[in-house]
Amino acid sequence: MVEKGDRLLENFWGDRYSKAEYEALVDQFKDDHQLEKLQTNLAKYWNLADGSQVSDEMYKKLWGRIKPQIELAEVKAEKSRVDRLTNTFYRIAAILVLPLLLSSLYFFGAWWELSGSETAYAEIYCPPGVRSRFLLPDGTTGWLNGDSYLTYPVHFLQNRSVELKGEAYFDVREDKRSPFLVNAGGLDVEVLGTQFNVMAYDDFHRVEVTLDEGAVQVRKEGTSLNEVLVPKEHLVMDTRENQVSVKTVQTHYFTSWKDGFLEFRNVPLHEVAARLGRWYNTDIIIQDEALKQIPYRATFKDESLERVLALLALSAPINYEIIEPKKNTDEIYEKRKVILSYKN
Amino acid sequence: MEKKFDMQEQLFAQSLKNGELHGFEYFFWRYSKVLFHFAHNLLKSSSEAEEVVQNVFLKVWERRSQLDPHQPFRPYLFTIALNDIRKSFLEKARQNQFKLELYEFLVEQAGEEGENYNFSRYLKLLDEEIHRLPEKRKEVFLLLKKEGLTVAETADFLGISPKTVENQLTQAIKSIRNAFHEKKVFNLYLFSLHLLKTSQPLFIARKK
């Protein structure tokens with residue numbers, strides 16, 4: 001049996017209610033004696049709310065409103081040392097820097113987890129449109145690209161292994177006794193101490209490992225793959241064909257995203273679109289099949305999406321149309337869209 | 001997945017408790033959309049949902065020292081949010097009072113019994129129609145209906161004649177009524193209701 005209060009809420013939540021139902025619900029909200037019941041009923045909807053309908057534009061608006069207030073409150077409260085450091089850091093940062101995990105926090109968490117026997121994991125996520133610095137408990141640092149996840153066990157010092165979805169640049173702290181392992185798209189990259197980039201976005205159907213310094217060993221479970229890379233080598237594994245190629249490259253084409261560059265050298269347009277889409281948190285749709293394979297070269301740094309598209313249209317036979325997000329019926333914004341089509 | 005997230009959450013909860021901005025940012029990033037969605041579905045308005053997100057997260061920041069990092073954050077946020085949302089909901093209900101009265105009036109004028117119509121659709125369309133009224137007419141309408149002024153008070157306040165006030169109100173209600181008629185705000189349900197009401201006796205009548 002559905003309770004009466006619950007039915008009222010259900011209808012109200014779903015925008016199907018009569019005037020009498022609305023009035024009954026208002027009475028419930030008013031009545032202090034029924035507060036506990038109301039709370040129980042609302043909690044069900046609270047647990048279901050996921051916010052995925054809410055646009056990133058709305059998120060930016062909300063954050064843009066609250067951030068200055070927090071900073072103000074912070075200055076008002078006390079001029080404590082750590083806070084001010086963070087504060088300054090945020091002002092200097094040219095881009096939005098998300099979760100920067102501090103080792104002290106890690107120790108706190110690890111200590112707490114010792115009681116449980118299960119392996120617990122921490123996860124760092126970087127949303128589209130943003131790059132994020134990260135710091136692991138062993139002192140390894142790096143950058144996480146937009147729409148990427150990095151997962152690692154909290155007992156990290158005993159087991160230096162991370163799992164990557166998306167793209168990251170690692171600067172691994174050297175520790176001869178404990179190898180550092182990156183698992184990405186089925187590939188295992190083992191390192192001692194080095195700087196390298198791993199790209200493993202699902203939609204590209206390949207994993208790329210680009211080595212700046214040191215040495216890494218790339219393996220894949222269940223296969224005989226066992227490649228040792230030397231600096232400036234670039235390994236690509238096609239995850240659908242299971243084919244591996246290694247060549248020497250100018251590594252910055254594959255790693256300069258961490259410094260805010262977008263570099264394309266003979267990259268097919270559909271991949272350019274996918275990368276730009278992640279970079280600017282926009283859906284970029286290519287309307288004409290024939291356009292998708294056109295190779296493209298360009299380097300961008302700190303350009304707006306509008307400018308990047310204008311430049312793109314100058315050097316490739318395309319027209320573009322930007323569709324600003326409009327409110328859908330729930331008054332919630334959709335993602336911005338760009339449509340690329342063939343220029344006649 | 002949940003397990004992984006919870007671990008991360010505890011780390012950031014401690015960071016928030018320490019008063020670090022990135023700890024706060026983490027929770028805002030993870031839960032502000034959830035809260036917005038929840039508040040929006042109860043308050044039926046973007047701007048009011050935004051307001052709730054601001055107020056609630058400011059409280060999260062102000063009360064950070066009381067935060068228990070070992071407790072899950074989501075239920076904690078709910079207890080803070082509930083109070084704010086309840087307040088906004090009741091304020092909104094107060095502002096909606098005149099719409100309820102107008103509803104009865106319009107239903108009666110349409111010659112119907114008004115219980116079963118979709119009230120949320122009515123509220124939405126009424127807001128749209130009010131918004132669409134010419135500036136002066138809208139002002140007169142809201143002063144009279146929403147603020148509850150008398151005709152004389154409204155005339156004084158706007159410096160126009162009581163006759164004009166009455167005229168404007170008549171015009172306002174007329175355009176709302178016409179729009180409702182056109183959009184079948186009341187008639188749409190009416191059709192199916194009549195079917196329900198009449199099918200039974202007809203059936204019996206035939207049987208005889």
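The values are calculated or read from the model by the stated rules, or taken from the named source; none is laboratory data. This is a predicted model, so every value here is computed, not measured. Glycine also receives a Cβ, built like all others from the backbone with ideal geometry; neighbour counts cover every protein chain displayed. Areas reflect the complete protein model, heavy atoms only, side chains present, ligands, DNA and RNA absent. Shrake-Rupley method; radii C 1.70, N 1.55, O 1.52, S 1.80 Å.
Quick notes on this structure:
- Of all residues in segment B:59-68, those that are at the interface with another protein chain (Cβ under 8 Å from one of its Cβ atoms) and either open to solvent by less than 60 Å² (accessible area, probe 1.4 Å) or closer than 25 Å to residue A:17 by Cα (or both) total 1.
- Some residue of segment B:93-114 being under 28 Å from residue A:15 (Cβ atoms), touching a Ser or Thr at 6+ places or on another chain (Cβ under 9 Å) and of a type in the set (D, E, K, R): no
- The one condition from (1) touching a Lys or Arg at 6+ places or on another chain (Cβ under 9 Å); (2) farther than 30 Å from residue A:164 by Cβ that residue B:9 does not meet is (2).
- Single residue of segment B:19-46 satisfying the filter (of a type in the set (Ser, Thr, Tyr) and closer than 18 Å to residue A:48 by Cα) that is farthest from the other protein chains (Cβ to nearest Cβ): B:31
- Some residue of segment B:47-58 being at the interface with chain A (Cβ under 9 Å from one of its Cβ atoms) and outside any helix (DSSP H, G or I): no
- Set A:249, A:244, A:207, A:216: member being touching a residue at least 12 places away in the same chain (Cβ under 8 Å), open to solvent by 50 Å² or more (accessible area, probe 1.4 Å) and of a type in the set (A, V, I, L, M, F, W, C): A:244
- Test result for residue B:32, surrounded by fewer than 21 Cβ atoms within 10 Å (Cβ to Cβ) and of a type in the set (S, T, N, Q): no
- Total residues in segment B:118-166, condition closer than 28 Å to residue B:183 by Cα and open to solvent by 60 Å² or more (accessible area, probe 1.4 Å): 15
- If you go through segment B:8-24 and keep only what is under 17 Å from residue B:76 (Cα atoms) and in contact with a Leu (Cβ under 7 Å, 6 or more places away or on another chain), you end up with B:11, B:13, B:14, B:15, B:16, B:17, B:23, B:24.
- Between A:190, A:174, the distinction of being modelled with pLDDT under 90 and either touching a Cys at 6+ places or on another chain (Cβ under 7 Å) or farther than 17 Å from residue A:254 by Cα (or both) belongs to A:174 only.
- Taking strands (runs of 3 or more DSSP E) as the structural unit, those lying wholly within segment A:255-344 and holding at least 2 residues that are without any contact (Cβ under 8 Å) to a residue 24 or more places away in the chain correspond to A:318-323.
- Meets criteria (under 18 Å from residue B:49 (Cβ atoms) and more than 12 Å from every other protein chain (Cβ to nearest Cβ)) for residue B:84: yes
- Looking at A:9, A:62, just one residue is over 18 Å from residue B:120 (Cβ atoms), at pLDDT 85 or above and not assigned by TED's automatic domain parsing to the domain that holds residue A:127, and that residue is A:62.
- Checked against the criteria, residue A:148 counts as polar (S, T, N, Q) and either closer than 30 Å to residue A:336 by Cβ or in the same structural domain as residue A:269 (by TED's automatic domain parsing) (or both).
- Qualifying residue in segment B:125-139 (condition: away from every other protein chain (no Cβ under 14 Å) and on the phi > 0 side of the Ramachandran plot): no
- Residue pairs meeting the criteria (Cβ under 8 Å; at least 6 apart or on separate chains; first at the interface with another protein chain (Cβ under 7 Å from one of its Cβ atoms) and surrounded by fewer than 17 Cβ atoms within 10 Å (Cβ to Cβ), in segment A:13-30; second in a loop (DSSP other than H, G, I, E, B) and modelled with pLDDT of 90 or more): A:15/B:44
- Selection count, segment A:31-46, where residues are farther than 19 Å from residue B:32 by Cβ, touching a residue at least 24 places away in the same chain (Cβ under 8 Å) and within 7 Å of another protein chain (Cβ to nearest Cβ): 0
- Number of positions in segment B:132-168 that are of a type in the set (Asp, Glu), modelled with pLDDT under 90 and assigned to a helix (DSSP H, G or I): 4
- Complete set of residues in segment A:121-165 that are part of a strand (DSSP E or B), more than 10 Å from chain B (Cβ to nearest Cβ) and aliphatic (A, V, I, L, M): A:135, A:144, A:150, A:162, A:164
- Of the set (1) touching a residue at least 12 places away in the same chain (Cβ under 8 Å); (2) buried (at least 19 other Cβ atoms within 10 Å of the Cβ), all apply to residue B:15 but (1).
- Of all residues making up segment A:47-57, the number that are within 7 Å of another protein chain (Cβ to nearest Cβ) and buried (at least 18 other Cβ atoms within 10 Å of the Cβ): 3
- Condition broken by residue A:169, with the remaining ones in (1) open to solvent by 30 Å² or more (accessible area, probe 1.4 Å); (2) among the aromatic types (Phe, Trp, Tyr); (3) over 21 Å from residue A:120 (Cα atoms) satisfied: (1)
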